[in-house]
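Beneath this line is the structure, given in structure tokens, with notes to follow.
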Amino acid sequence: MTANNELTIRRVTEEDVEALIELRLEALRNHPVAFSADYEKERDRSLQDWKKRIARSVIFVAWDGDSAAGMATFLRGASSKTSYHGNIFGVYVRPGYRGHGLGGRLVDRCVQWARDNDIPMVYIGAAATNTAAIRCYTRCGFRVYGLQPMAVKVAGIFYDELLMARDLERARCG
């Protein structure tokens, strides 16, 4: 593993699709409470579906050479009424890279993309039990504005989700 500060974070392209699929499926398989997507459904997506996802989303991956170390996705509101805001989701850092700020760097990269594209409001959510993610997002300037009770159900157990937001016009990255 390379030192975290030597990792490269860049937007994925179609050429990265296989590494993205592997990373995403690992995240869903190993941490089902942290994501609302289902491993089985994502696993069964066609390669074309994955390429469409890359085309319509802004997905950043942290690279350690040719190996994907982490990811985060930004999706802008789809209509004229919601295009001024977006959501960060699918944030995942492989275990060997955790604890060194990579999650924050990925989130900050999404925030910077939003800022560069005149999007003043960014939302993110975290399972209420995911204290590491909540700390990370708070350090990145997000504030809790609500709670979605029973947001996901995994193995018969319901989990709440903290809803967080960051107003980019009023607060700058530190």
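Only helices enter the 222 nm calculation for the chain: every DSSP H run of n ≥ 4 contributes -39,500 (n - 2.57), and dividing by all residues gives -9000 deg cm²/dmol, rounded to 500.
Our summary gives the chain a relative contact order of 19 percent, counting only alpha carbon pairs under 8 angstrom and 6 or more residues apart. About its Cα centre, segment 7-84 has a charge dipole of approximately 560 debye under the convention of +1 per Lys or Arg Cβ and -1 per Asp or Glu Cβ, with nothing else charged.
As I understand it, the dipole of the chain uses +1 on the Cβ of Lys and Arg and -1 on the Cβ of Asp and Glu, about the Cα centre. Which of Ala72, Gly86, Val17 lies farthest toward its positive end? Ranked along the dipole, the leading option is Gly86. A Cβ-based charge dipole, computed about the Cα centre of the chain with Lys and Arg at +1 and Asp and Glu at -1, lands at about 520 debye.
Sorting 139-148, 21-30 by their mean Cβ neighbour count within 10 Å, with the most densely packed peptide first, gives 21-30, 139-148. Let me know the shape class of segment 83-172, please: from the alpha-carbon gyration tensor, a ≥ b ≥ c as square roots of the eigenvalues, rounded when a/c is under 1.5, otherwise prolate if a/b is greater than b/c, or oblate. Here segment 83-172 falls in the oblate category. DSSP beta bridges confined to the chain are antiparallel in about 90 percent of cases.
Taking amide hydrogens as placed 1.01 Å from N in the peptide plane, the amide H of Ala151 sits under 5 Å from those of Tyr159, Asp160, Glu161, each at least 5 positions away in sequence or on another chain. Fully extending the segment from Arg139 to Asp118 would add 5.4 nm, taking 0.36 nm per residue of separation and subtracting the current Cα-Cα distance. Candidates Ile59, Leu7, Met121 compared by Cα position along the dipole of the chain: farthest toward the positive end lies Met121, with charges placed on Cβ.
Using a cutoff of 8 angstrom between alpha carbon atoms and counting only pairs six or more residues apart, the relative contact order for segment 96-167 works out to 33 percent. DSSP finds beta bridges in segment 38-127, and of those with both partners inside it, around 75 percent are antiparallel. Nonpolar atom fraction for the chain, defined as the carbon and sulfur part of the 1.4 Å probe accessible area, stands at 49 percent. Surface analysis of segment 41-174 yields an accessible area of 54 Å² per residue, using protein heavy atoms and a 1.4 Å probe. Here the alpha carbons of segment 32-81 define both size measures, Rg and Dmax, at 13.2, 40 Å.
The values are calculated or read from the model by the stated rules, or taken from the named source; none is laboratory data. These figures come from a predicted structure and were not determined experimentally. Cβ atoms come from the backbone with ideal geometry, glycine included; neighbour counts cover every protein chain shown. SASA here: full protein model, heavy atoms, side chains in, ligands and nucleic acids out. Shrake-Rupley method; radii C 1.70, N 1.55, O 1.52, S 1.80 Å.
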